[in-house]
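Below you'll find the structure, written out as structure tokens, and then a few comments.
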């Protein structure tokens, strides 16, 4: 059974209104456990919308979306939050870290919502930071870290719940090339250990880290 | 649970101090709202107690003609006692009336001497009738109009207190109406201010909220601190309004008691014996108001 199965998926914004816009038009896609997929496309092609739908941050207008055997369309908000919390890890271009919290507390955050006890949380967060090579910077606040380090903290946070899939939306977009490649090496290493990774990028050099490439144009998969 | 509570309180306190002046204005408006509603309720209590006191003093005194025998008076008393509208009937015989008269005028020797010079007791027997309700007196008076009874009666004295009650009721109604209008205005302002304060706080935390949601926070986890913050405003507002209200009552209560001299009206005693009830009602009202307006703001501005 594939981890993700998408059939004829459509996403239409402002449906029935003058400014109606079809972001996704009949997307079909399967992703297996352990895959490393790069979704490529120009700005406005629909790649981030697809990412949001896959990450349960947005609901499709029509079509089928199965995640780990569950039909996402049939789930309520509470159940979607549960899936986001337990099965999906997010990495964003702008890191989305809380500026007033040290790295370790940022990494702990998903475990707080999961109700894990403080000691266990702290140990797990430190372990994750060590995994991404930041074991010596657990107390550093975001303003004391470089772009590459910030993204690695975000990766550690995304991994802390042991998600089934890691969604990375332009994870190197705000980084210099060297930091970008470092982050990609971390993601590649995680994939080798079995983590499924879905990467959204418009940079072919970054996309080459994936073992499968999907091109999106005007909301459709072109190859 | 303890950690959740700790985090909620910490978040609420942070929100309070992050927009300190806005929080202060919110609390002041809540204090004014609670205060105005308490004053309206207080006026209602004073009016009700005053009306009750005056009602206690209302009765109908029936004075019988000098020649009427004791048996005839007792017959009338018994007939009145049978009426369900009557609460009590007090029979004052001629000799009792004279005795009372002497006691009342014990310091006036001229009156006492004049009474002594008369050969017969000049006072007539009296019946004092008290009705269950103020509205029952016209029916009782109608019974007394019966020719059989009317032939025995010299005079009837239905107290003027009825006029006092009617005026007191009118005044209390007017004050209540004005008070309700003022309180309603404050309630609307308070809802808008609390709504706006929480909305601004949500806006201040918007990035944090978005991140919390992205990493799997439930709506409940995001919303509770804001609700708690509004409850904190309510608690502070109640404490301030009680701190103002009770000393102020100490100043006003003697004036009110003087105004209603002779009536049993002790506001301090009332406020002390009903302290928990008053504070509880104020607290419940303030919390409902705050939670309602903050929930509106939260529901509108913290959607995923």
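Take the Cα of residue B:192, step 7 Å along the line toward its Cβ, and report every residue of the range B:10-35 whose backbone nitrogen sits under 15 Å from that point. Inside the label zone: B:26, B:29-30, B:33. Computed from label points 7 Å out along Cα-Cβ, the spacing between residue B:24 and residue B:79 is 7.6 nm. Mean partner shielding of peptide B:205-215, defined as the number of other chain Cβ atoms within 10 Å of each residue Cβ, is 5.
For chain B, the longest principal axis of the C-alpha atoms and the axis of helix B:94-104 are separated by about 60°.
Sum -39500 (n - 2.57) across every DSSP H segment of at least 4 residues in chain A, then divide by the residue count to get the 222 nm mean residue ellipticity, nearest 500.
Working: 7 runs with 78 residues, N = 223.
That comes out to -10500 deg cm²/dmol.
In the range A:142-223, what is the volume of the convex hull around the alpha carbon atoms, normalised per residue and reported in Å³?
On the way: hull volume 8.9 nm³, N = 82.
It comes to 108 Å³ per residue, whole-number rounded.
Pairs of Cα atoms nearer than 8 Å and 6+ residues apart set the relative contact order; for the range B:66-151 it is 39 percent. Per-residue ellipticity at 222 nm from helix content only, as computed over chain B with -39500 (n - 2.57) for each DSSP H run of at least four residues, stands at -25500 deg cm²/dmol.
For the pair the range A:100-129 / the range B:194-231, the C-alpha centres are spaced 20 Å from each other.
Work out, in µm²/s and without decimals, the Stokes-Einstein translational diffusion coefficient of the range B:230-298 at 10 °C, 1.306 mPa s, Rh from Kirkwood over C-alpha pairs.
Numbers: Rh = 13.6 Å.
Roughly 117 µm²/s, to the nearest whole number.
Extending 7 Å from Cα along the Cβ direction at residue B:71 and again at residue B:110 yields two label points whose distance is 4.2 nm.
Taking a ≥ b ≥ c as the square roots of the Cα gyration tensor eigenvalues, chain B comes out prolate, since a/c reaches at least 1.5 and a/b is larger than b/c. Distance between the modelled labels on residue B:255 and residue B:145, one decimal in nanometres: 4.5 nm (7 Å Cα→Cβ projection).
Among A:36, A:90, A:21, the residue with the largest mean-square fluctuation in a Gaussian network model of chain A, with springs joining Cα atoms closer than 10 Å, is A:21. I need the fraction of alpha carbon pairs in the protein assembly as shown separated by more than 29 Å, rounded to a whole percent. Here the long-distance tail beyond 29 Å is 69 percent of all Cα pairs in the protein assembly as shown.
The overall shape of the range A:129-183, judged from the alpha-carbon gyration tensor, is oblate: a/c is not under 1.5, and a/b is no greater than b/c.
Considering Cα pairs under 8 angstrom that are at least six residues apart, work out the relative contact order of chain A and quote it in whole percent.
Details: 448 pairs, mean separation 67.4, N = 223.
The value is 30 percent.
Based on alpha-carbon centroids, what's the gap between the range A:139-153 and the range A:55-95 in Å, whole number please? Cα centroid of the range A:139-153 versus Cα centroid of the range A:55-95: 28 Å apart.
Of the Cα atoms belonging to the range B:126-208, the radius of gyration and Dmax stand at 28.2, 92 Å. Here chain A is treated as an ellipsoid with the same Cα gyration tensor; its semi-axes, largest first and in whole Å, are 29, 20, 16. Compactness check for the range B:66-151: Cα Rg over 2.2 N^0.38 Å is 1.31. The Cα trace of the range B:1-113 gives Rg and Dmax of 32.1, 90 Å, the first to one decimal, the second as a whole number. For peptide A:73-83, the mean count of partner chain Cβ atoms within 10 Å of a residue's Cβ comes to 2.
Please label the shape of the range A:68-186 as rounded, prolate or oblate, based on the square roots a ≥ b ≥ c of the eigenvalues of the alpha-carbon gyration tensor (a/c under 1.5 means rounded; beyond that, a/b larger than b/c means prolate, else oblate). Cα axes put the range A:68-186 in the oblate bin.
Just counting partner chain Cβ atoms within 10 Å, what average do the residues of peptide A:104-114 show around their Cβ?
Working: counts 0, 0, 2, 1, 0, 6, 5, 2, 8, 8, 3.
Across the residues of A:104-114, the mean count of other-chain Cβ atoms within 10 Å is 3.
Across chain B, Cα pairs under 8 Å and at least six residues apart give a relative contact order of 31 percent.
Each value in this text was obtained by applying a stated rule to the coordinates, not by laboratory testing. Because the structure is predicted, anything quoted here is derived from the model rather than measured. Cβ atoms come from the backbone with ideal geometry, glycine included; neighbour counts cover every protein chain shown.
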